[in-house]
Amino acid sequence: MTIATPVSAQQRRAAPGDALSGVLRLAEDCFVQAGDGLSRAVEILRGTEALFARLDVTLGEETSRQLGSLIAETFGNVGVIRADFDTFLSQSEGLRAAVRSVRVEVSELDRVVRTISNVSINARIQGNGLVPPRPQVNSFIERLAAMASEAEGILQEVKDAMVGIGHDTAAMDLALQELRQELLVQVLPTLSRFAGIAQKVQDGRAEMTRMSADLSERMRDVFAEVSRLIMALQAGDSTRQRLERVREVVDAAGSTGDAALEAVLVDLARGLADAARTDAEDEVGISVAALEMVRRNAEQAMNAARVFYFAQAGRGRDGAAGEGSGPGQLEASLGRVRRHLVAMRACADDLRGRLDLILKHEATIRQIAQQVRLSGLNAVLICAKLGEEGRSLRELAQWLRMLTDESDAIVQRLQVNLGETRTRTREAGQAGVDRLETALSGFIGDAEALNGAMTQIDSVVSETARGFDAAGRELPHRLGQAAGRLEAFRIALADVRTLSVSLGLRRMQLADPVLPFAAGSAAAELLAGLRSRCTMQQERAIHDGIVGTGAAPAAVAPPPQAVAEESLDDILF
């Protein structure tokens, strides 16, 4: 029998129930924080499911077919555009040749008109020498001078228009060369690169689908493990309740004045504390190990996804874009192509306006030639009337007849050249630009559609990679955070062990109680109330084992005669 040692009421009130305050506080805080971390992990994993779903839509069969069709249509227009460029260049060269011919004939006609102007000056000198003055001679000279002056003004306008036409054709050629350079140096190589990327996407779609399915399966496994761990965290609440009951029993033991009841309560508190601590350590240890395994698996899966999708997006492991990504560059190049077309259309409009001005003077030029012819005839008639006095004017009249024949030939050639210029202007001007613009509009539309498709693919794959990059950084952190909080709680369970040791020391100071307590006694009522608040069968079994026998778990076995005195009913109970 253990010898009872008297204990004062003050010592009993100082029972170590407060040792559970820290572990009870951690039981609530740690499991709540671990649960928050796992809840955030679940949200992250659900976010990866959305990434897989969008990726599957973006790289599906329908997108692949559309991408292949866009590539075929875009490059199918390239041959047509090259042929249109060659045709436009040939027609532009023909226009320049026709303009040169017109310029030559206009210069020749201008020379004839200037010569007529000189003839009119000589005629005026010769006419002023006639005595008396001849009115018909003066009238002829005035008409000849006016005709020459008018012709010079008209031809100057024509020459200015021809200079403008030369500038317009040169500007059109420059715009065409810049447009062709833009297409050959920027647009077509970018589209070729897009075609290579698109083909790579199509060729690697099976691998990407397989990788996505594998990663999705791994993410589902991680999700299932995290979900299971969230359910396992409910053990934290049951552990807290069990420790609350331990503290209740310890408080009851410290407040009672009955040494026998205190001994039973101390034994009960030790039994409940040891069982709660053992179960909690086992459960928390399993959860911590599972969390560490899940954290490693999640980190490996996220790293694999990040590296794989960044590689598919043409980026490095850190997500930095590689050189020559293309979509923005192609958009800028297509914008410059449009501006070149606008410049060519403006030049074509100016060219048409200048040609209209020349054609408007075509009838006037014919009238000039007619007037030159009439002037020559009038000069011959006047010389004939003057007889011997008109001898000095006869040479000028003959000169005018020669200029008349020359001007007729020039005007006939000029009409032919103007007709050729009109045709060439229509072909290389408005109609040529229209045809080139029509061919390029289809090409630009297909190129923009391809650019948009590639931009979307690049955006989705890059977004997927960034999503896994962010998830790969946060998910292991959240899982590690949950494991750390559980580990902190497991360390805090040492306080329960310390309490159990303290209770054992206290029990050694108390005598063994005589059980069972009388029915209806205060001690029996207290113990019954404590048992009714037990929610686990294990706790009730511990209670019944201690209260029914009155023996502490670590107590020394009673002498043989005491055992012999116990009834069979007590042993079975």
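The values are calculated or read from the model by the stated rules, or taken from the named source; none is laboratory data. Only a predicted model underlies this, so the values are computations on that prediction, with no experimental measurement involved. Don't worry about glycine lacking a Cβ; one is built from the backbone with ideal geometry, like all the others, and counts go over all protein chains shown. Accessible surface areas use protein heavy atoms only, side chains included; no ligands, DNA or RNA. Shrake-Rupley method; radii C 1.70, N 1.55, O 1.52, S 1.80 Å.
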- Task: Please work out whether the range 220-262 counts as rounded, prolate or oblate from its C-alpha gyration tensor, where a ≥ b ≥ c are the square roots of the eigenvalues and a/c under 1.5 means rounded, while otherwise a/b larger than b/c means prolate and anything else oblate?
- Result: prolate
- Message: Please list 3J(HN,Hα) in residue order for the range 214-222, calculated via the Karplus relation 6.51 cos²θ - 1.76 cosθ + 1.60 where θ = phi - 60°; whole Hz, with x for glycine and proline.
- Response: 5, 5, 4, 5, 5, 5, 5, 5, 4
- Task: Rounded to whole Hz and in sequence order, give me ³J(HN,Hα) for the range 102-112 from the Karplus expression 6.51 cos²θ - 1.76 cosθ + 1.60, θ = phi - 60°, writing x for Gly and Pro.
- Result: 5, 4, 5, 5, 5, 5, 5, 5, 5, 4, 4
- Item | Cα→Cβ-extended label distance, 7 Å offset, between Arg339 and Gln181, nm | 1.4 nm
- Query: Listed highest first by mean packing, meaning other Cβ atoms within 10 Å per residue, what order do 352-362, 461-471 come in?
  - Reply: 461-471, 352-362
- Please check which bits of the range 431-472 a label hung off Asp349 would reach, taking the label as a point 7 Å along Cα-to-C-beta and the cut-off as backbone N under 19 Å. 431-438, 441
- Message: Skipping prolines and chain starts, which residues have an amide H placed within reach, meaning under 5 Å, of the one on Gly429, given they are 5 or more residues away or on another chain?
- Response: none
- How would Arg394, Arg339, Arg531, Arg540 line up by accessible area, probe 1.4 Å, largest first? Arg339, Arg394, Arg531, Arg540
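Once fully extended, how much extra length lies between Gln370 and Arg124, figured as 0.36 nm per residue of separation less the alpha-carbon to alpha-carbon distance? The partial results should precede the final answer.
Values: separation 246, 0.36 × 246 = 88.56 nm, distance 2.15 nm.
The Gln370-Arg124 span can extend by a further 86.4 nm.
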